[in-house]
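The values are calculated or read from the model by the stated rules, or taken from the named source; none is laboratory data. Please read all numbers here as calculations on a predicted model, not as lab measurements. Cβ sites come from the backbone with ideal geometry, for glycine too, and all protein chains shown count toward neighbours. When the accessible area is computed, the model is the full protein with side chains, heavy atoms only, and any ligands, DNA or RNA have been set aside. Shrake-Rupley method; radii C 1.70, N 1.55, O 1.52, S 1.80 Å.
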Amino acid sequence: MEGNAEKYIAKSVGSEHKPDKRMLERQVSVLGEMLIDSMGVKAYNEKVREFRLEETLQGNDVVLKIHALQRIALGPEAKPPQPEDCLVAVKELRTRIIDMLAQRVVKERINKELQDRIQQRQDQYMQELKLAILKKHSGPENPTTLKKYASLQELERRSLGKSIMEVLRPSTVDEIVGQQRAIKALMAKIGSPYPQHVLLYGPPGVGKTSVARLALKVAKTKKHSPFTGDSSFIEVDGTTLRWDTREIANPLLGSVHDPIYQGSNKELSETGIPEPKTGLVTQAHGGILFIDEIGEMDPVLQNKLLKVLEDKRISFESIYYDDSNKNIPLYIQKLFEEGAPADFILIGATTRQPESINPAFRSRCTEVFFDPLTPADIVIIINNAIDKLGVQIEKGCAEIISQYTIEGRKAVNILADAYNIAITSADCAPEEVRISCSDVYTVIQNSRLAPCVRLTDKIHSRIGRVLALGVAGYIGSVLEIEAIAFPALKKGEGTIRINDTAGSMTKDSVFNAAAVIRKISGEFVSDYDVHVNCIGGGRVDGPSAGIAILTALASAITQRPVRQDIAVTGEISIQGEVKPVGGIIEKIYGAKQNDMSAVIIPAKNSKEVPADLSGIEVYAVKRAEEVLEILFSDN
């Protein structure tokens, strides 16, 4: 079009003299072609038909042709030129047609660029549409995600097999050692037609988690049990449970994903619909929720869990939820209006004392206490593990391990380490392994383990030395309390010294003991320089060492030997009465761990002694005289 315009403009440039008829006809013809090019054939023909100019343009009259072109180019109001004005009319017409031609050139350029952009956008849209259709039919995958998925599958194909701890884990209730009373109690509470929430107390590594898991397995077999084969056992560690106070993240109870900030699924976020995410309490619906170390949970989260236990449902709230919105899916509407079901049995395990647990939890749960393990229990656990491994073990290995731990899990870990050392040293097949005592001692040395059992000379009685019983948590222990007495330089001016690390209540027990000695024997402790020592240097406090301190002082003053196969516990009053103390069961098991023949406890604690207790004798006493009579007697 631009080339034609230049051609026509060049043709139109003429001299200033008056053209002859032939030259004028030639110019008119050129202007007609230019007009057709500037308007387009279709528009030109429409104008010609509108003004009925067909015959005029085909005729021989130049003036009429000029007027016809004027009407088409300038409009129907154009006046016909006079013959002498034809040159001027042709110039005006030529100028108008050139302008029209230039406008069309610019317009075509714009249209072409516009068409190119439209085509580019259309191609891009078609490409996106094709990808969307492919994604719809092929799912959310792309080469990158498929590559990552293939990498995960490759990792799944590689496995180291079972760990030795998985192999040695108890698979039946009969394999749990030393917890028969606790197992029986838990089975009764879980296997009942009306199961109860339970709190399990006890030292670490005695089988609380294993018993809880196996209890559900047994309960599923009971005809009257509400648990079914689909009942789940959801396990979580209370020390790792975290939640957001804004309720946008709560793995235990569930949370609501904010459609703006949290970014729930695309369909919901585009419409501004919040999406609730159910938590572990809903996953445990119809089954058991086991929370290990429940005493370490956040107190606020504990209170929220209590509400769920009462309602047996978990509710969800969000300022973005609009119940009048008809685009909300039914499941979201149900979660917001009715909540999610959370009818489960809670089993919480803790190594804390009951006093440190939320009282509201304790009031809603029954309590089961697990006993500390004795060395004999550890030996049985080791022998069971040996049978599972199918290996040989040197005589005495189990007994060595039992001296260095009171935890069943730790005992199995020591055995597993010894097994690994033995198989590495022998470089033999697993079934040919023989674990020796030296392998066990190697593990003990590498792990820097100290004996948990203090073996003493039980045969020979000793003056001024008494074995007392203490408790820390659920672990009972034997404490050595010794006393020595020298006649004071002046009667009545003797001194009494006791460890600075001893607590105030223990120091008070010394003065109580001095009063009782004077009461029952007439001896004045003030006539002696007395030193009472709690061996080990640890901080010892509480009144339960009262009768031990009394016996040590009496022995030191009277020089009467004390039996070393009996451990004692009990508070002493200044009237010589033996008062009850706490932790009786743990103290008795601590005495058994240290191979004591008997224990002396307050008579008012006698009901706390397990009915099935064996392997140790229990003396229940009311007065100090009874204690001294037993401890000062011959073996």
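State yes or no: is residue 391 at pLDDT below 90 and exposed (fewer than 14 other Cβ atoms within 10 Å of the Cβ)? When the stated conditions are applied, residue 391 does not pass them.
From the list 628, 613, the lone residue that is out of contact with any Phe, Trp or Tyr (no Cβ under 7 Å at 6 or more places or on another chain) and assigned to a loop (DSSP other than H, G, I, E, B) is 613. Entry remark, the stretch 589-600: residues being under 44 Å from the mean Cα position of the chain (by Cα) and at pLDDT 90 or above number 0 in total. Looking across 453, 471, 466, 440, one residue alone is touching a residue at least 40 places away in the same chain (Cβ under 8 Å) and in a helix (DSSP H, G or I). It is 440. Of 412, 379, all but one fail to be in a helix (DSSP H, G or I) and buried (at least 20 other Cβ atoms within 10 Å of the Cβ); the exception is 412. Of all residues in the stretch 222-234, those that are basic (Lys, Arg) have Cβ atoms under 6 Å from Cβ atoms of residues that are assigned to a loop (DSSP other than H, G, I, E, B), 6 or more apart or on another chain, in 222/191. Counting only residues that are part of a helix (DSSP H, G or I) and open to solvent by 50 Å² or more (accessible area, probe 1.4 Å), the stretch 593-609 holds 4 of them. The lone criterion from (1) part of a helix (DSSP H, G or I); (2) more than 60 Å from the chain's Cα centre (by Cα) left unmet by residue 121 is number (2). Taking the criterion of being more than 15 Å from residue 167 (Cβ to Cβ), in contact (Cβ under 8 Å) with a residue 12 or more places away in the chain and either under 34 Å from the mean Cα position of the chain (by Cα) or not in a helix (DSSP H, G or I) (or both), the only residue of the stretch 422-434 that qualifies is 434.
Candidates in the stretch 563-580 are the residues that are closer than 19 Å to residue 617 by Cβ and not in a strand (DSSP E or B); of these, the one that is most open to solvent (accessible area, probe 1.4 Å) is 563.
Within the stretch 287-298, can one find any residue that is part of a strand (DSSP E or B), charged (D, E, K, R) and either open to solvent by 30 Å² or more (accessible area, probe 1.4 Å) or within 30 Å of residue 582 (Cα to Cα) (or both)? Yes, the conditions are met somewhere in the stretch 287-298.
With respect to being in contact with a Pro (Cβ under 6 Å, 6 or more places away or on another chain) and among the hydrophobic types (A, V, I, L, M, F, W, C), residue 578 fits the description.
Taken together, the criteria exclude residue 155 from residues that are under 21 Å from residue 354 (Cα atoms) and either among the charged types (D, E, K, R) or not in a loop (DSSP other than H, G, I, E, B) (or both). Scanning the stretch 581-592 for residues that are among the β-branched types (Val, Ile, Thr), in a helix (DSSP H, G or I) and buried (at least 22 other Cβ atoms within 10 Å of the Cβ) yields 584, 588.
The set of residues in the stretch 299-348 being open to solvent by 40 Å² or more (accessible area, probe 1.4 Å) and part of a strand (DSSP E or B) consists of 313, 341. Can you find even one residue in the stretch 366-374 that is over 30 Å from residue 582 (Cβ atoms) and not hydroxyl-bearing (Ser, Thr, Tyr)? No, the stretch 366-374 contains no residue that is over 30 Å from residue 582 (Cβ atoms) and not hydroxyl-bearing (Ser, Thr, Tyr). If the condition is being among the hydrophobic types (A, V, I, L, M, F, W, C) and surrounded by 18 or more Cβ atoms within 10 Å (Cβ to Cβ), then the stretch 454-483 contributes 466, 467, 468, 469, 471, 475, 478, 479, 481, 483.
Does any residue of the stretch 543-552 turn out to be surrounded by fewer than 23 Cβ atoms within 10 Å (Cβ to Cβ) and either of a type in the set (D, E, K, R) or not in a helix (DSSP H, G or I) (or both)? Scanning the stretch 543-552 turns up no residue that is surrounded by fewer than 23 Cβ atoms within 10 Å (Cβ to Cβ) and either of a type in the set (D, E, K, R) or not in a helix (DSSP H, G or I) (or both).
Would you check if there is a residue in the stretch 487-501 being in contact with a helix residue (DSSP H, G or I) (Cβ under 7 Å, 6 or more places away or on another chain), under 18 Å from residue 562 (Cα atoms) and open to solvent by less than 80 Å² (accessible area, probe 1.4 Å)? No, because not a single residue in the stretch 487-501 is in contact with a helix residue (DSSP H, G or I) (Cβ under 7 Å, 6 or more places away or on another chain), under 18 Å from residue 562 (Cα atoms) and open to solvent by less than 80 Å² (accessible area, probe 1.4 Å). Filtered by the rule that a residue be closer than 12 Å to residue 490 by Cα and of a type in the set (Gly, Ala, Ser), the stretch 513-529 gives a lone residue, 526.
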